[in-house]
Amino acid sequence: MKPTLLCSLLALCAASFANAAPVQVAVAANVQYAFADIAASFSRDTGIAVQPSFASSGKFATQIMNGAPFELFLSADNEFPQKLAQAGFTLQAPKSYALGALVLWSKDPQFNTKQWQQWLAASSGKITIANPRTAPYGSEALRVLDYYRLSDSVTPRLVSGDNIAQAAQFVDSGAAQAGFVAKALVLAPQMKDVGRWVDIPAASHQPIVQDMVLLKPAAANPDARKLFDYLSGPAARQILQRYGYRLP
């Protein structure tokens with residue numbers, strides 16, 4: 001093989017391997033199942049690999065500010081992405097990708113979905129929420145308790161999960177009698193038909209507007225922007241709707 005041709009092939013291979021690194025995505029825990037489906041669809045359509053990490057939005061925001069090399073951040077709210085943008089950690093302004101929904105979920109056979117407020121006040125078991133300091137779904141759950149004047153009876157029994165997925169695990173394992181969790185989690189195939197749940201009226205809390213944003217490390221990886229754009233496309237939006245999200 002001629003040296004010049006060999007060098008060209010080696011250069012092409014090097015470029016191929018350089019572009020093979022998966023897109024590093026920080027994903028709020030409420031989106032974990034929906035994002036897994038979106039990432040699989042994106043990879044099938046583009047051949048681009050995706051490496052998601054799942055945690056609470058506040059924890060990710062702190063990690064990003066401390067230099068974590070994420071390229072894309074899908075938050076459970078719009079406040080953490082805005083703070084990152086204002087602090088100079090993003091390539092552009094955040095963009096809303098979904099509107100989340102909160103439900104009360106329980107595996108207790110006595111759970112009354114029609115009179116859930118009375119049931120919640122009269123129950124004696126642990127009630128779980130996500131950590132309200134770092135997880136937007138947790139802070140909105142506290143608003144729900146205040147709105148229905150349930151704080152006095154429920155707050156002493158609250159157990160906080162590190163994120164909304166862990167809060168759901170507490171209910172699933174029986175460690176909590178019920179929990180305020182993301183609707184997307186109870187609609188996931190892994191959780192569907194497990195226990196019963198009731199939609200929490202939107203009037204009882206602030207809208208859960210979920211934003212995504214491209215982070216500074218994405219400047220070196222055009223695949224990250226492709227995924228960002230894909231999340232606003234029809235395939236991703238259809239998946240989000242299937243998991244109970246409304247679209248912005």
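The values are calculated or read from the model by the stated rules, or taken from the named source; none is laboratory data. Here the structure is a predicted model, which means the values were calculated and not measured. Counting neighbours? That spans all protein chains shown, and the Cβs are built from the backbone with ideal geometry, glycine included. Side chains included, ligands, DNA and RNA excluded: accessible areas come from the protein's heavy atoms. Shrake-Rupley method; radii C 1.70, N 1.55, O 1.52, S 1.80 Å.
So, in region 40-66, how many residues would count as being open to solvent by less than 50 Å² (accessible area, probe 1.4 Å), in contact (Cβ under 8 Å) with a residue 60 or more places away in the chain and touching a strand residue (DSSP E or B) at 6+ places or on another chain (Cβ under 7 Å)?
Going through region 40-66 one residue at a time, the tally reaches 6.
Quick one: count up the residues across region 78-89 that are surrounded by fewer than 23 Cβ atoms within 10 Å (Cβ to Cβ) and under 25 Å from TYR245 (Cα atoms). It would help to see each step written out before you state the result.
Kept after step one, since they are surrounded by fewer than 23 Cβ atoms within 10 Å (Cβ to Cβ), are these residues of region 78-89: 78-79, 82-89.
Filter once more, keeping what is under 25 Å from TYR245 (Cα atoms): 78-79, 82-85.
Going through region 78-89 one residue at a time, the tally reaches 6.
Can you list the helices (runs of 4 or more DSSP H) found entirely within region 31-86 that contain at least 1 residues being acidic (Asp, Glu)?
32-46, 79-86
Under 8 Å between Cβ atoms, which residue pairs at least 6 apart in sequence (or on different chains) link something in region 157-174 that is more than 16 Å from PRO136 (Cα to Cα) and in contact (Cβ under 8 Å) with a residue 12 or more places away in the chain with a partner that is assigned to a strand (DSSP E or B) and open to solvent by 20 Å² or more (accessible area, probe 1.4 Å)?
Taking only residues 6 or more apart or on different chains, the pairs are PHE170/VAL159.
Output yes when any residue across region 176-188 is surrounded by fewer than 18 Cβ atoms within 10 Å (Cβ to Cβ) and of a type in the set (D, E, K, R), and no when none is.
Within region 176-188, not a single residue is surrounded by fewer than 18 Cβ atoms within 10 Å (Cβ to Cβ) and of a type in the set (D, E, K, R).
Looking for whichever is buried (at least 23 other Cβ atoms within 10 Å of the Cβ) and either modelled with pLDDT of 95 or more or within 22 Å of ALA219 (Cα to Cα) (or both) here; the options are ALA34, ALA15, ALA20. Which one fits?
So the residue among ALA34, ALA15, ALA20 that is buried (at least 23 other Cβ atoms within 10 Å of the Cβ) and either modelled with pLDDT of 95 or more or within 22 Å of ALA219 (Cα to Cα) (or both) is ALA34.
What are the residues in region 193-235 that are polar (S, T, N, Q) and either open to solvent by 70 Å² or more (accessible area, probe 1.4 Å) or more than 18 Å from the chain's Cα centre (by Cα) (or both), if any?
Hits for region 193-235 are SER204, GLN206, ASN221.
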